[in-house]
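Every number in this text was worked out from the coordinates using simple rules, so none of it is lab data. These numbers were taken from a predicted model, which means no experiment stands behind them. FYI the Cβ positions are ideal-geometry reconstructions off the backbone, even for glycines, and counts take in every protein chain you see.
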Number of protein chains: 2
Amino acid sequence: MPESDAGGVRSVQRAVDLLALFDAEHPSRSVRELVDATGLPKTTVVRLVHTLEQCGLLWSRGDGHLVPGTGLLRWAELAGRTWRLPEEALRRLAELSEASGGETVSVYVRQRNTRVCVARHEGTRILRHVVRVGAEMPLWSGAASHVLLSRSDHADVAAVASRAPGDEWAERLWEHTRKAAADGIAVSHGEREPGVSGVAAPVFAASGSLTAAVALGGPTTRFTDDVVAGFTPALLDTARALTTLDCIGGTA
Amino acid sequence: MPESDAGGVRSVQRAVDLLALFDAEHPSRSVRELVDATGLPKTTVVRLVHTLEQCGLLWSRGDGHLVPGTGLLRWAELAGRTWRLPEEALRRLAELSEASGGETVSVYVRQRNTRVCVARHEGTRILRHVVRVGAEMPLWSGAASHVLLSRSDHADVAAVASRAPGDEWAERLWEHTRKAAADGIAVSHGEREPGVSGVAAPVFAASGSLTAAVALGGPTTRFTDDVVAGFTPALLDTARALTTLDCIGGTA
């Protein structure tokens, strides 16, 4: 890849990283803060900020602070249009939650080396699995990850596992994904977080490709073998319904 | 600016332009479509797509089509947090609409050389001014533009006017902005679109800087001098209320 190309990719990544510095705790930022947070030279940050302002992705409040720009309003609409599930699909998630006795139902897709929650129906129990739409999670752990990787080859799974802490993950993850492929379902207990369990099943597009995992999540104490066996048919049913609706990432 | 810097800015702009090709009519795109729509070499598009996928801004549906990525879900949240007005402000917009006899009320901010609608209360009349939140409009015409440029210098206004079709705009726009500065309000009839009128007033931040314009919009036939004089006090009142709330672009 020629030098200039590498620079281009890097600039886009830097611009996205700069925007990622704005969150609930930091709704606005000064250039000084951005320099400190990125460790980039001030001239680079000033240039990036200027570009992002021109693209509508940053906005100067006029008090020396920058906020996310008005261009994001259009992107928000785009995100909603692409990722908001149709009513029928949301109803199926709600029914699965009810069938499980009130556990949280989530839909995950793979975005490169993470999995992202794109839809969920929050459970009704006092102790419940809470996950925000848009939340990114590691792809090297959890039942939904095993399902999302169930058609990946060894090199791909190894690359994902290399992001996990410790050397033991490569083999463990490969075994998990093979089991998910063979069983058409995955169960994990306390893998990503102690005391949290998940059961996930694959969702396919009309083209046949694996697009998502639909998962039930809750406390390990409630996810006994008997209980899991009890709601497995409903989970598989929901996964098949989402496959039929073919609605992940918008309709084709 | 060194060559590599220019390339970086260009890459970010290209990435944003590529995402802008996804809309209601084109919820998904193939690489081929993106090459045709941008006129860029295929290698450049493939590289950009790869970068955008890594950043979470594009997602491969698995059927050869790309859709806006899951990263936009986080950006949508960010946009909402920054630009959604507090209840009190939205109530003031609704009250102004009612005081005007049911015309549409919009709030615009300047984003570089455009004005963007960041909030609105749609009117109740059968013939009404309809504007979407996030919609970009030219900054060289309309009452809201005159207000947004009322503190700009001649060079800035000339630069904005240079984007208008025809040479007569530079002087006309400068006069309009001076009048808006002197009057603290602007009125326009059929400037952006024949038959559409607007009346706008400035909103300031606590820091004293001009942040937005709040505007009433509707058909010219209804915006007679008497009617405009009638709702002007309510409009100025709303502009002052938004200034006190200091809520444009999030709270400081």
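Helix content alone sets the calculated 222 nm mean residue ellipticity of chain B: runs of n ≥ 4 DSSP H residues at -39500 (n - 2.57) each, divided across all residues, give -14000 deg cm²/dmol. GNM remark for chain B: springs join alpha carbons under 10 Å apart, and the peak mean-square fluctuation among B:THR232, B:THR82, B:THR51 falls on B:THR51. Chain B versus the axis that turns it onto chain A: the residue with the nearest Cβ and the distance in whole Å amount to B:ALA76, 2.
By the count of neighbouring beta-carbon atoms within 10 Å, fewest first, A:GLU122, B:GLU168 end up ordered B:GLU168, A:GLU122. Computed from backbone phi, the HN-Hα couplings of the stretch A:212-226 come to 7, 10, 9, 9, 9, x, x, x, 4, 4, 8, 8, 6, 4, 4 Hz, rounded to whole numbers (Karplus: 6.51 cos²θ - 1.76 cosθ + 1.60, θ = phi - 60°; Gly and Pro given as x).
Position A:ARG91: other-copy label points at 3.7 nm, ordered by increasing distance, label point 7 Å along Cα→C-beta.
The stretch B:31-77 and the stretch A:176-225 have Cα centres spaced 28 Å apart. Using a simple spin-label model with pseudo-atoms 7 Å out from Cα toward Cβ, A:ASN113 and A:THR221 lie 3.6 nm apart. Each of A:ILE248, B:ILE185, A:ILE126 has some number of other Cβ atoms within 10 Å of its Cβ, and from fewest to most they run A:ILE126, B:ILE185, A:ILE248. Put simply, the amide H of A:ALA212, placed in the peptide plane, has neighbours under 5 Å in A:VAL203, leaving out anything fewer than 5 places away on its chain. Within the shell defined by Cβ-Cβ distances under 12 Å, the residues around A:LEU127 carry a net charge of +2, with Lys and Arg each +1 and Asp and Glu each -1. A cut-off under 11 angstrom between Cβ atoms defines the neighbours of B:LEU245, and their net charge, with Lys, Arg +1 and Asp, Glu -1, is 0. With the convex hull drawn around the C-alpha atoms of the stretch A:1-140, the volume per residue stands at 168 Å³.
Structural descriptor for chain B: relative contact order 15 percent, calculated from alpha carbon pairs under 8 angstrom and at least 6 residues apart.
Each Lys and Arg adds +1 at its Cβ and each Asp and Glu adds -1 at its Cβ; summed about the Cα centre, the stretch A:96-252 shows a dipole of about 360 debye. A simple spin-label model places pseudo-atoms 7 Å from Cα toward Cβ; at B:ALA24 and A:HIS26 they are separated by 3.6 nm. Sorted from closest to farthest, the other copies place their A:ASP36 label points 5.1 nm away, with each point set 7 Å from Cα along Cα→Cβ.
When B:VAL31, B:VAL67, A:VAL160 are arranged by Cβ crowding within 10 Å, least crowded first, meaning fewest neighbours, the order is B:VAL31, B:VAL67, A:VAL160.
Against the main long axis of the alpha-carbon atoms of chain B, helix B:3-19 sits at an angle near 80°.
For A:ALA181, the shell of other residues with beta-carbons less than 14 Å away shows a net charge of -1, using +1 for Lys and Arg and -1 for Asp and Glu. Annotation for A:ALA158 and B:ASP167: the two label points, set 7 Å from Cα along the Cα-Cβ direction, are 6.9 nm apart.
Our estimate of slack between B:THR244 and B:VAL130, defined as 0.36 nm per intervening residue step minus the Cα-Cα distance, is 38.3 nm. Estimated from the Cβ-Cβ distance and a Förster radius of 30 angstrom, the FRET efficiency linking B:ASP183 and A:HIS50 is about 0.35. Here, P(r) means the percent of Cα pairs in each 5 Å bin from 0 to the largest distance; for the stretch B:173-248 it is 3, 16, 25, 23, 19, 10, 4, 0. Panel note: the C-alpha atoms of chain A, placed on their principal axes, show extents of 60, 39, 37 Å (largest first). Ellipsoid semi-axes for the stretch B:3-74, based on the Cα gyration tensor and the rule √(5λ), read 20, 14, 11 Å when sorted largest first. Pairs of Cα atoms in the protein assembly as shown fall into 20 Å distance bins, from 0 up to the last occupied one, in shares of 21, 47, 27, 5 percent.
Both numbers refer to the Cα atoms of the stretch A:67-200; Rg and Dmax are 16.2, 48 Å. With the label put 7 angstrom out from Cα along the Cα-to-Cβ vector, A:ASP156 ends up 5.2 nm from the copy partners, going from closest to farthest.
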